[in-house]
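Some notes on the structure that comes next.
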Amino acid sequence: MRRIVLGMVLLAASGAALAAQLYRWVDEKGSVEYRDTPPPASAKKVESRSVGVGAVETPALPFSVQQAVLNFPVTLWNSDCGAPCDQARAHLARRGVPHTEKDPQTDIEAFKKLTGGLDVPVLYVGANRIKGYLESEWDTALDIAGYPMTAPPGYRQAAKPGAAAKATPSVRLYTHPQCGPPCNEARNLLAGRGVKYEDITAQEQAEIDELQRVSGDTKVPVLIVGQVVTRGFSAPDYNLVLDAAGFPRSEQAARQ
């Protein structure tokens, strides 16, 4: 009979990340063993990996969850996009899924290359990527990976370090008195989301030169959130950029 022995208990203490070395090998009888100590000289097909579980504040995870974490680690790219992002966090908490939460704003360009856009949330279960939140798709991916349907007793996902201190980037909107509806709609969207921004009228030569320098053109409106430049006005594009930057959505904006 195939036998699996796990000699490692995943711990988290005082919110600090712990790391351990896990070894996998096949013994003389053909049994597969997992231990946190090096294998004997007779071991075959030896593998090792480092395991960190600092995000989980629980004395020990069930064996099946430990295996899921090892084989299909979960990463949630998330921000403050309103209901979808809140539902994403709640879903993982309800199922007791140990995971790493990452903020796209820390490196927007890398996030775009990784996911092909700026939409959040994005869930990775191992190599499986799921864009957006759909309960049935998330459950299917987590079921296949072996994660529990409900949180194990005593499980608690630690709060993301530094999350409360997150600051949103500066926002600038370049407009012109003759811009008309596009500029007005841009202002209304920012106001509707409660975004504090600098409205720069590109009318004097100095402002026109500045607009040319930052956007490569003199057409307006131009929205700049941190280092991200969005030319023209598109409500979906504006909302995606603001979501990635951590600006919360109003109920109206969440429906756009």
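Remarks
- Scope segment 108-125; condition in contact with a helix residue (DSSP H, G or I) (Cβ under 9 Å, 6 or more places away or on another chain) and among the charged types (D, E, K, R); matching residues: Lys112, Asp119
- Taking the numbered list (1) surrounded by fewer than 22 Cβ atoms within 10 Å (Cβ to Cβ); (2) modelled with pLDDT of 80 or more; (3) part of a helix (DSSP H, G or I) in turn, Tyr124 passes all entries but (3).
Table: residues versus (1) buried (at least 16 other Cβ atoms within 10 Å of the Cβ); (2) without any contact (Cβ under 8 Å) to a residue 60 or more places away in the chain; (3) touching a strand residue (DSSP E or B) at 6+ places or on another chain (Cβ under 6 Å).
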{"position": "Val74", "(1), (2), (3)": "yes, no, yes"}
{"position": "Arg95", "(1), (2), (3)": "yes, yes, no"}
{"position": "Pro98", "(1), (2), (3)": "yes, yes, yes"}
{"position": "Thr106", "(1), (2), (3)": "no, yes, no"}
{"position": "Gly132", "(1), (2), (3)": "no, yes, no"}
{"position": "Glu135", "(1), (2), (3)": "no, yes, no"}
{"position": "Asp143", "(1), (2), (3)": "no, yes, no"}
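- Hits in segment 235-256 - residues which are surrounded by 16 or more Cβ atoms within 10 Å (Cβ to Cβ) and either touching a strand residue (DSSP E or B) at 6+ places or on another chain (Cβ under 6 Å) or modelled with pLDDT of 90 or more (or both): Tyr238, Val241, Ala245
- If you go through segment 127-143 and keep only what is of a type in the set (A, V, I, L, M, F, W, C) and assigned to a helix (DSSP H, G or I), you end up with Trp138, Ala141, Leu142.
- Complete set of residues in segment 188-241 that are among the hydroxyl-bearing types (Ser, Thr, Tyr) and in contact with a helix residue (DSSP H, G or I) (Cβ under 7 Å, 6 or more places away or on another chain): Tyr197, Thr201, Thr218, Thr230, Tyr238
- So Thr115, is it closer than 20 Å to Gln67 by Cα, at pLDDT below 95 and outside the structural domain of Leu240 (by TED's automatic domain parsing): no
- Residue in segment 197-213 that is under 31 Å from the mean Cα position of the chain (by Cα), of a type in the set (Gly, Ala, Ser) and not assigned by TED's automatic domain parsing to the domain that holds Leu118 present: no
- Residue in segment 168-186 that is modelled with pLDDT under 90 and within 27 Å of Pro104 (Cα to Cα) present: yes
- Among residues of segment 200-218 that are of a type outside the set (S, T, N, Q), those with a beta-carbon under 7 Å from a residue that is in a loop (DSSP other than H, G, I, E, B) at least six positions away or on a different chain give the pairs Ala202/His176; Ala202/Thr218; Ala202/Val220; Ile208/Ala202; Ile208/Thr218; Leu211/Ala202; Leu211/Thr218.
- When segment 72-105 is filtered for residues that are in contact with a His (Cβ under 9 Å, 6 or more places away or on another chain) and part of a strand (DSSP E or B), the ones remaining, listed by number, are Val74, Thr75, Leu76.
- For Asp209, the test of being part of a loop (DSSP other than H, G, I, E, B), acidic (Asp, Glu) and at pLDDT below 95 is failed.
- For Pro236, the conditions (1) in a helix (DSSP H, G or I); (2) touching a Phe, Trp or Tyr at 6+ places or on another chain (Cβ under 9 Å); (3) under 24 Å from Gly82 (Cβ atoms) all hold with the exception of (2).
- Any hit, segment 75-93, residues being in contact with a Gly (Cβ under 6 Å, 6 or more places away or on another chain) and farther than 18 Å from Val241 by Cα: no
- Test: residue in segment 108-118 that is surrounded by 13 or more Cβ atoms within 10 Å (Cβ to Cβ), out of contact with any Gly (no Cβ under 6 Å at 6 or more places or on another chain), of a type in the set (Lys, Arg) and in a helix (DSSP H, G or I): yes
The values are calculated or read from the model by the stated rules, or taken from the named source; none is laboratory data. Predicted model only: the values in this text are computed from it and were never measured. Because the Cβ atoms are built from the backbone with ideal geometry, glycine has one as well, and the counts that use them run over all protein chains shown.
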